Amino acid sequence: MDWSGLTVGVTGGAGFIGSHLVDSLVDCGATVVVLDNFSSGKADQVPSSVRLVSGSVVDTTARSEALSGCDAIFHIAAIASVVACEEDPEKSASVNRDASLAILAEASCPVVFASSAAIYGNPQQLPVSESHPIEPLSHYGADKAAADAAIRSLGDSAPPAVAMRFFNVYGPRQDPSSPYSGVLSIFTTRAVTGEPVTIFGDGLQTRDFIHVTDVVDALVLSAESLLVEGTMSPLHSRAFNVCTGRPVTLLDVVSAIESNTGKMMQVTHEPTRAGDIRDSEGDPSALKEVLAWNPQVELEQGLADLLNAL
Ligand code: UD2
């Protein structure tokens, strides 16, 4: 779709997922406004043509400055670390839940919300489809679940909105520097520097890794559906998994990195992290039914691209 003439607000647009989304929207011709407080985002990840509003999503004035008058809003900003949210549940509630509910209440245009697989808690069956019970194990999951539920309870008089439940997103610009960074950003960086990696547990836990470009495609296509069809869109007032349905073990990940670099990684094992989910595998079929979307990036290719860029 040609987005020329449309003004689009992206919260968290300077961060890992948000900045890739902004690049894509700019390529589609949109005029983009980013609201980011740079707690984890970086201004140099945002194209210079984009208006940057520096502020938090909890700040009513900053929200209004960035988002009022927009034709569509992508609400991506969050405290994305489960551990950080456990350490400061009040902050998680205010950023991840209350600000999201406020954005929904204030919006007069389509809203695409970044929800999370964390809302499901420990899977009761695999793959996890959208009808799986919502039983978050963490404050992060519970706060995302509150906004996800608010979207699913919207009626047809509300502006169109959808919740997109991200599984393990990876790709360029994911910060490897914290112990709670995405495992692929840590492992690829260390494979290149030759530093050892730690596997928590036996390495047979599985994750459904999805490349950030496939996530961005899902976000843009979902917004297009809401813009064109409004509340008649099959996405309105619903939630969808954003995943590949192709889980891999951490040991598979290490092997894939080793065959790419031709070097053995130094791997040590430590006990399983508290609260770690053993297996995660999403069912992407609902999103594939409503959008012309199919994840394109195979894990081997995504890892190769990451390693080449380092
Ligand atoms: C992901 C999300 C989190 C939340 C959660 C929901 C990321 C970065 N985090 O957490 O926000 O949505 O899913 O279930 O996407 N691991 C190691 N060594 C390391 C780092 C990690 O063995 O150095 C393990 C870790 O114990 C886990 C797996 O790798 O078993 C994936 O860890 P992660 O932090 O990348 O993501 P996850 O699934 O805990």
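Restrict the check to the range 205-214 and report whether at least one residue is within 11 Å of the ligand (Cβ to nearest atom), more than 24 Å from residue 154 (Cα to Cα) and in a loop (DSSP other than H, G, I, E, B).
Looking through the range 205-214, at least one residue is within 11 Å of the ligand (Cβ to nearest atom), more than 24 Å from residue 154 (Cα to Cα) and in a loop (DSSP other than H, G, I, E, B).
Can you tell me which residue among 310, 251 is surrounded by fewer than 18 Cβ atoms within 10 Å (Cβ to Cβ) and in contact with a Gly (Cβ under 8 Å, 6 or more places away or on another chain)?
That would be 251, the only listed residue that is surrounded by fewer than 18 Cβ atoms within 10 Å (Cβ to Cβ) and in contact with a Gly (Cβ under 8 Å, 6 or more places away or on another chain).
The rows are residues; the columns are (1) without any contact (Cβ under 8 Å) to a residue 40 or more places away in the chain; (2) over 21 Å from residue 209 (Cα atoms); (3) in a helix (DSSP H, G or I); (4) of a type in the set (A, V, I, L, M, F, W, C).
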| residue | (1), (2), (3), (4) |
| --- | --- |
| 80 | no, no, no, yes |
| 83 | no, no, yes, yes |
| 90 | yes, yes, yes, no |
| 93 | no, yes, yes, yes |
| 113 | no, no, no, yes |
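List every residue pair whose Cβ atoms sit under 8 Å apart, with the two residues 6 or more apart in sequence or on different chains, where the first one lies in the range 243-255 and is of a type in the set (Lys, Arg) and the second, anywhere, is within 11 Å of the ligand (Cβ to nearest atom) and assigned to a loop (DSSP other than H, G, I, E, B).
Within 8 Å, the pairs are 246/208.
Check residue 146 against each of (1) within 14 Å of the ligand (Cβ to nearest atom); (2) not in a loop (DSSP other than H, G, I, E, B) and name the one condition it does not meet.
The one condition residue 146 does not meet is (1).
For residues that are touching a Ser or Thr at 6+ places or on another chain (Cβ under 9 Å), near the ligand (Cβ under 8 Å from one of its atoms) and either hydroxyl-bearing (Ser, Thr, Tyr) or farther than 18 Å from residue 275 by Cβ (or both), tally how many sit in the range 187-202.
Residues that pass the stated criteria total 2.
Between a residue in the range 289-310 that is under 26 Å from residue 224 (Cβ atoms) and outside any loop (DSSP other than H, G, I, E, B) and any residue that is among the polar types (S, T, N, Q) and at pLDDT 95 or above, which pairs come within a Cβ distance under 9 Å, given they are 6 or more apart or on different chains?
Going by the 9 Å Cβ cut-off, the qualifying pairs are 290/222; 290/225; 290/233; 302/213.
Quick one: would you say residue 228 is within 16 Å of the ligand (Cβ to nearest atom) and part of a helix (DSSP H, G or I)? Even if it seems obvious, please write down each step before you answer.
Working: within 16 Å of the ligand (Cβ to nearest atom): no; part of a helix (DSSP H, G or I): yes.
In short, no.
The values are calculated or read from the model by the stated rules, or taken from the named source; none is laboratory data. Quick caveat, the model's predicted, so the values are computed rather than measured. Methodologically, a virtual Cβ is constructed for each residue, glycine included, from the backbone with ideal geometry; neighbour enumeration extends over all protein chains shown.
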